[in-house]
Amino acid sequence: MPHMAVQIMQKLASPCSTPREIHELIIKDQGLAARVLKVANSPYYGASRSVSSVKEAIFFMGFDSIRSLITAAVLKGFFSAMSDLGRQLWEHSICCAIAAKQIAGDVGIQGIEEVFLAGLIHDIGKLVLFLRAPDKMREIVVLVNEGKSFVEAEQQLLGFTHAEVGELLTNEWLFTLTIEDVVANHHNPDCARSARELSHIVFVANSLCHKLGIGPTRRPEIDPYKLESAKVLDLGAVAISRTLELLAETIIEVKSAQ
């Protein structure tokens, strides 16, 4: 993560930080500030009003939302440098975040912003691996699209998984233990230590994105109405269908906004 973004995340994590301090840090990086505003005003982020400045975003949206915005802005910057593959990863990340937020609302979960952030960065380990070992990761995607699970393909070709890499990154980048737990266990939500419900939410959101082919992984054979995590969450067929419809609309907006 860029040095300035790390500084901002550290400030956001501190209970002693003030909105003015956060504002002064963000505006030191004009590229980051511009991306924060772009994401804040994008139709898929779903802010209730337009935001014209970073200062307004901080005061109007609050620290939790700014944390999500900065993370989204940083990720979008990384993904933009990766051409077509980066575009697919960005589309998957933002759509998973929106689906997770929708599902959380349907099952009555509090802390919606943390749900959005968990969905947004659940695959942060993939970003690093695609940047560091692109050929291996493309081989893995081929195996996954042929029917092998991502975890199995990674273990076969790398000896470790993107979830393990993501857990290390979220710890280093000072995300909460809840976010770290979800990133580490989004493929195995029952193994989550402190965020099992949230991990199940992200698992369902991730599966729905794969079902619709949003991102580099396409799994049209997934039956979303039979997902074990949906049963754990008591997520009914109507709610699942509503989220699938939302994703179909959202991917169009995300593509048009790039």
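The values are calculated or read from the model by the stated rules, or taken from the named source; none is laboratory data. Just so it is clear, the structure is predicted and the values come from calculations on it, not from any experiment. A quick note on method: Cβ atoms are made from the backbone with ideal geometry, for glycine too, and the neighbour counts reach across all protein chains shown.
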Flagged in region 69-96 as aromatic (Phe, Trp, Tyr) and within 20 Å of His3 (Cα to Cα), in numbering order, are Phe78, Phe79
(1) under 11 Å from the mean Cα position of the chain (by Cα); (2) assigned by TED's automatic domain parsing to the domain that holds Ala239 all hold for Thr71 apart from (2)
Taking first residues from region 10-34 that are hydroxyl-bearing (Ser, Thr, Tyr) and second residues anywhere that are in a helix (DSSP H, G or I), the pairs with Cβ under 8 Å that are 6 or more apart or on different chains are Ser17/Lys11; Ser17/Phe63
If we keep only residues of region 132-148 that are of a type outside the set (Lys, Arg) and surrounded by fewer than 14 Cβ atoms within 10 Å (Cβ to Cβ), then the residue modelled with the lowest pLDDT is Gly147
Okay, helices (runs of 4 or more DSSP H) sitting entirely in region 73-162 with 1 or more residues that are without any contact (Cβ under 8 Å) to a residue 12 or more places away in the chain and of a type outside the set (Lys, Arg), I get 83-107, 112-121, 134-145, 150-157
message = Among the residues of region 63-73, are any under 24 Å from Met137 (Cα atoms) and of a type in the set (D, E, K, R)?
response = no
